[in-house]
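Attaching a single structure in structure tokens format; questions to follow.
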Amino acid sequence: MTTPAPTLALTRRHLLLAAGAATGSALPPAWAQTAAPAWTDIEKAARGQTVYFNAWAGSEQINAYIQWAAGELLATHGVKLEHVKVSDAADVVKRVRAEKAAGRKAGEGTVDLIWINGENFAAMKRDGLLGAPFTQTLPNFAYVDTTGKPTTLNDFSVPTDGLESPWGMAQLTFFADSQRLPQPPQSTAELLALARKQPGRISYPRPPAFHGTTFIKQVLLEHTRDAAALARPFTPEAFAGVTAPLWAYLDALHPHLWRGGKQFPANAGAIRQMVSDGELLIALTFNPNDAANEIVAKRLPATTTSWQFAKGTVGNTHFVAIPYNAQARAGAMVVANFLLSPKAQARKADIAHWGDPTVLDLARLPAAERAAFAAAPLPGQVKQTAPALPEPHASWVEPLEKEWTRRYS
Amino acid sequence: MNNLRLPAALALLLLAALPLLATAALALGALFDASAWHALWQDPQWQRALTYSIWTGLASTALAWWGAAALLAQGFVGQSLNRLLRGLPVMLATPHAAFAIGLAFLIAPSGWLLRAASPWLTGFEFPPPWPTTQDPWGLGLIAALTAKEIPFLLWTAATQLQRDDLRQRWRAEHALAQTLGYSPQRAYWRVVWPQLAPRLFWPLLAVLAYGLTVVDMALVIGPASPPTLAVLAWQWLQDADLAINAQGAAAGGVLAIVVLVSALGWRALQAVATHRARLGNGERGHEPKRSPTPSVRPEPFDELRTGSVEGLKRTRASIVRWLRQAQPERRGLGGTKTAFGFWLLAALYAAVLLTLAIGSIAGVWPFPALWPEALTTQAWHSVWSSRSTLSTTLVLALAAAVLALAWCVAWLELAPRHWDTAMRPLLNLPLVLPAVLWVVGLYRVALWLRLEGQWSGLLLAHTAMVLPYVLLALSPAYLGFDPRYQALSASLGHGRWRFLLRVKWPLLRRALSASAAVGFAVSVAQYLPTLYIGAGRFSSVTTEAVTLAAGAQRSLTSAYAGLQFLLPVLAFGIAAWVGRPRRFKVATT
């Protein structure tokens, strides 16, 4: 058995284990020591560069926000930001990987900056598709709330090691039309009771759709008896014991779901449309301000309310990262720094523009800049925020999805 | 010119064959990965997904084939073919995904049809739990595919019927068969169809391959648990994990094998059917005793020879019928029936397009309201703000269509006929290989040539995708061009160029412009090659539409589908205008 086949058959989790072990111990001091070039030099080098920012483009507001950032960056730093619109960050990971396989060296790639988190980051980090750590070089990184929002340093329990710069916060949030659902469920147990009472009106996206997998994680975090195991890399031995309550819950829930749990909507967007049409009761999103945005856009009735489960829902951070072969590395760093600036973060948190919660620690900001963030809650916004439960380690995702698929499709 | 002909043809051949072969080889090379096949085999969904793919692909192809054949029969018999073809460009130009989205909203439990009847008739205050979209039997997908492919088959059949040589011969044979006492319908099925059907082999294969491997339509309206194998392959190819990518490529390989096997099966079936049709066991007569090919040269006026009175009467009746039909101004009786079938299809398209139009401005629209509570133009604003992608799309599609057309004309003009026949399987590869697999090869070629993210690479990729369609559209008319024109032109002392520029190409104007329009439409619709070869740096109307549809907003998707629809409609409109027939006054004798 010394043929290459077993190596190829090595699953992602083995590699992740290895990567996790390596990065957990050796790397942080190494990147902390990297001599950081002066920021002014970087800004100078960035002037005139074009940064190809590969970012998911499924939302008009996000696209408009990136357009705004591009205008600001051109005016203040002479950096041209091009939004490369993608439908799935995994496509970009694959492209960078293919470029590496084709022997492209540093400075010869097509991607300068990528919007990323979770599995895609874990894959890029593991495969050495990211260059040197850079976040400590960014002046605005000092404002990031790394203690209050620990997920800004741990992306799905994988240490970021300075390879990606936080951009925004996300937390699993539900929304529904309060006229159709006056009393929203406050836990997955209450959700099950609701599904029993109103069969066929609840569903969740079919994993591996992102929101579907997140819903499963939420159930898992609420019901498992060994939450600590989820923060560690996946092991086949732990899997059955940790996940048994999850499958028991889903077995009980599915018969009461839309189409008897035999079919699932393709993604969160489809569910939102069905809630808007009145076919389903509850939609789920990762942006606590999503429903408010949709109300403004007249795609949801003004009576829509958002909420998070009282004891907390899954939360994480999304980031921007620079591939190893970026052509405009300096420019990409300037962009990442700009995206962390109070000005950019305040606009991003503004419901009129995007409504994505900030990664900054407002207490550390100068008063003038802090004022830009304060705003009264709008119709549809989450009124009472709940604690963010940390994501399970990224290596759990694939076994969870595989097992779900095996059982339910 | 003649001594240069073969070298020039060879150069053309290499120009097209090398990239196509390289792409195919690299795409198929992705399949040599034992662990990927093992992973695929272990996957719990793939066998059921494959069953779905085969069922929806074969059923929709068979239905589209049958529907197109029936419409053609009525159109041919009723002499209303040209009228019938007038509405085709709009149908051809409707993007597949857009059609599926519109159809889904029509028939969904919360869709328009049920809203129209709720709650006054059905009593539904909420959408009923009916699996009318993403149904576990794949019926929605089959319906959408069938309705989308009938126009394509009709159109390719029409390109055959527009060949002067064939049309005249088939009309004559059809009339002759009627003088033998066959009804016009039966005469068509016995005489014309058996000759037409084999010529539609490649279009049919394209339809079949499309039906078996379609991703976007299946995502919208196809079964979901599990989805079709093409959707699974597509999801796997999108995964960040290399091993899962390889599994996706293997699934693409399975689909390629299914296409191949179905194609061979179809060939065999058709051979049997043609053989049986030639034996002519029609109700009217008996099996011919001497000639095995009576449809081409039947024994004329059999009835006259046997001298039966009944036979004579029937013969006379059919001659009268034939004479009536030969009168050009007369609209055949079959016209009303054609109208029915065709109107049904047209009504479906109209309903879908209307749904999209309303959907693009709909805001909140809860069931069972028949009309949206709020209207919003936000989606169209968004379309307007990304209008810069229009120019990329336009220039790319124009350039690819022109390049492909130039190549095809040169090839058909220069290549010996047996070269052409031999090369067709290779040239048609992009039609037949699953798109998910083909794009893997294209991308590897681009990486290898360092063309990724380059305009030139994108243009080449588009041209490669467009080429087979243009060739398919152009060759019937081009190869059927009456050779006597050339002899006549030569006898007047004109050279070849003069003949081409003054006689042949002007006469083929219609076919040339229509083929270019097809190429244009195909280029506009390219998603995967644009995304991969363009490295995301070039966004077209289609990549915009698909990425925005990832957010699954009905209004935005509908608006973009509208834009995606508009460009090909324009192209077909221009083609129709360029290729409009010149009107001559016909002297009636």
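Calculate the mean, over all residues of peptide B:357-366, of how many other protein chain Cβ atoms lie within 10 angstrom of the residue's Cβ.
Partner Cβ neighbours, averaged per residue: 4.
Okay, moving on. Calculate how large, on average over all directions, the projected area of the Cα convex hull of chain A is; give the answer in nm² to one decimal.
20.7 nm²
Determine the principal axes of the Cα atoms in the stretch A:284-388, then give the extent along each, sorted from largest to smallest and rounded to whole angstroms.
47, 33, 31
Peptide B:565-578: average number of partner chain Cβ atoms within 10 Å per residue?
Mean shielding count: 0.
Say each of residue B:51 and residue A:402 gets a label point 7 Å from the Cα, pointing the same way as Cα to Cβ; how far apart are those two points in nm?
Inter-label distance under the simple model: 2.4 nm.
Starting from one equal scatterer on each C-alpha and no solvent at all, send me the Debye-based log10 I(q)/I(0) for the protein assembly as shown at q = 0.07, 0.08, 0.10 Å⁻¹, two decimals.
Here log10 of I(q) over I(0) equals -0.66, -0.84, -1.23.
Additional query: Send over the semi-axes of the stretch B:145-288's equivalent ellipsoid, whole angstrom and largest first, taken as the square roots of 5 times the C-alpha gyration tensor eigenvalues.
Here the semi-axes work out to 42, 15, 13 Å.
Under Stokes-Einstein, with the Kirkwood radius over Cα pairs standing in for Rh, what whole-number D in µm²/s applies to the stretch A:89-163 at 37 °C and 0.692 mPa s?
It comes out at roughly 244 µm²/s.
What is the diffusion coefficient of the stretch B:5-163 in µm²/s, taking the Kirkwood radius over Cα pairs and the Stokes-Einstein relation at 25 °C with a viscosity of 0.890 mPa s?
Value of D from the Cα-based Kirkwood radius: 122 µm²/s.
For the stretch A:346-395, place one equal point scatterer on every Cα, skip the solvent, and apply the Debye formula. What is log10 of I(q)/I(0) at q = 0.17, 0.18, 0.19, 0.28 Å⁻¹?
With one equal scatterer per Cα and no solvent, log10 I(q)/I(0) is -0.67, -0.73, -0.79, -1.18.
Can you give the FRET efficiency to the nearest 0.05 for residue A:311 and residue A:239, using r as the Cβ-Cβ distance and R₀ = 35 Å?
With a Förster radius of 35 Å, E is 0.90.
Shielding by partners for B:203-216, please: the mean number of other protein chain Cβ atoms within 10 Å of each residue's Cβ.
What the average comes to for B:203-216 is 0.
Given R₀ = 35 Å, what would the calculated FRET efficiency be for residue B:125 paired with residue B:25, taking r from the Cβ atoms and rounding to 0.05?
Efficiency for this residue pair is about 0.05.
Add +1 for every Lys or Arg and -1 for every Asp or Glu among the other residues with Cβ under 12 Å from the Cβ of residue A:255, and state the total.
+2
Could you work out [θ]222 nm for chain B from helices alone, using -39500 (n - 2.57) per DSSP H run of at least four and dividing by all its residues? Round to the nearest 500 deg cm²/dmol.
So the helix-based figure for chain B works out to -23000 deg cm²/dmol.
At a temperature of 37 °C and a viscosity of 0.692 mPa s, determine how fast the stretch B:108-205 diffuses translationally according to Stokes-Einstein, using the Kirkwood radius over alpha-carbon pairs as Rh; express D in µm²/s, rounded to the nearest whole number.
190 µm²/s
Could you grab the Rg to Rh ratio for the stretch A:181-287? Cα atoms only, Kirkwood for Rh.
Rg/Rh: 0.98.
Please work out the Cα center distance from the stretch B:412-453 to the stretch A:152-198, rounded to the nearest Å.
After rounding, the separation between the Cα centres reads 47 Å.
Now a separate question. Would you report the distance distribution of C-alpha pairs in the stretch B:481-533 as whole percents per 5 angstrom bin, up to the bin with the largest distance?
With 5 Å bins starting at 0, P(r) equals 4, 18, 18, 13, 10, 9, 8, 8, 6, 4, 1.
Only counting other Cβ atoms within 10 Å, I'd like B:520, B:538 sorted with the fewest neighbours first.
Ordered from fewest to most neighbouring Cβ atoms within 10 Å, B:520, B:538 come out as B:538, B:520.
Mind ranking A:70-80, B:424-434, A:135-145 by how tightly packed they are, going by the mean number of other C-beta atoms within 10 angstrom, highest first?
B:424-434, A:135-145, A:70-80
What number comes out for the charge environment of residue B:100, summing +1 per Lys or Arg and -1 per Asp or Glu over other residues with Cβ under 10 Å away?
0
Could you tell me the center-to-center distance, by alpha carbons, between the stretch A:199-240 and the stretch B:146-204 in angstrom?
59 Å
Helix B:164-179: angle to the longest alpha-carbon principal axis of chain B, degrees 0 to 90, nearest 10?
So the inclination is approximately 60 degrees.
Any number yet on Rg/Rh for the stretch A:142-198, C-alpha, Kirkwood?
Over the Cα atoms of the stretch A:142-198, Rg/Rh equals 1.21.
Once every Cα of the stretch B:1-51 carries one equal point scatterer and solvent is ignored, give the base-10 log of I(q)/I(0) from the Debye formula at q = 0.31 Å⁻¹, two decimals.
With one equal scatterer per Cα and no solvent, log10 I(q)/I(0) is -1.03.
Using only the alpha carbons of chain B, what is the convex hull's orientation-averaged projected area in square nanometres?
31.9 nm²
Still on this model: Bins of 10 Å, beginning at zero and ending with the bin holding the largest distance: percent of Cα pairs per bin for the stretch B:376-434, please.
Distribution as computed: 18, 28, 24, 16, 10, 3 percent.
Also: Between residue A:64 and residue A:232, what FRET efficiency comes out of the Förster formula 1/(1 + (r/R0)^6) with R0 = 41 Å and r the beta carbon distance, rounded to 0.05?
That gives a FRET efficiency of 0.50.
Could you pull the Rg and Dmax for the stretch B:398-459, using just the Cα atoms, both in Å?
14.0, 38
Provide the convex hull volume over Cα atoms per residue for the stretch B:36-104, in Å³.
Taking only Cα atoms, the stretch B:36-104 has a hull volume of 133 Å³ per residue.
Now, a different point. Tell me what chain A gives for mean residue ellipticity at 222 nm when only DSSP H runs of n ≥ 4 count, each as -39,500 (n - 2.57), the sum divided by the residue total, rounded to 500 deg cm²/dmol.
-12500 deg cm²/dmol
How big is the stretch B:443-589 by the Kirkwood estimate over distinct Cα pairs, in Å?
Kirkwood radius, the stretch B:443-589: 18.2 Å.
Can you pick out the pairs among A:149/A:217; A:80/A:348; A:298/A:343; A:348/A:383; A:94/A:383 whose Cα atoms lie more than 29 Å from each other?
A:94/A:383
Also, quick follow-up: Taking Rh as the Kirkwood radius, which is the inverse of the mean 1/r over Cα pairs, what is the Rg/Rh value for the stretch A:37-176?
When Rh is taken as the Kirkwood radius, the ratio is 0.95.
While we're here: Tell me, what is a quarter of the convex hull surface for the C-alpha atoms of the stretch A:170-241, in nm² with one decimal?
About 6.3 nm², averaged over all directions.
Using all C-alpha to C-alpha distances in the stretch A:249-334, build P(r) with 5 Å bins and read off the rounded percent in each one.
3, 10, 15, 16, 14, 13, 9, 8, 6, 4, 1
Every read-out reported here was derived from the displayed coordinates using simple, explicitly stated rules and does not represent laboratory data. Remember, it's a predicted structure, so these values are computed and weren't measured experimentally. FYI the Cβ positions are ideal-geometry reconstructions off the backbone, even for glycines, and counts take in every protein chain you see.
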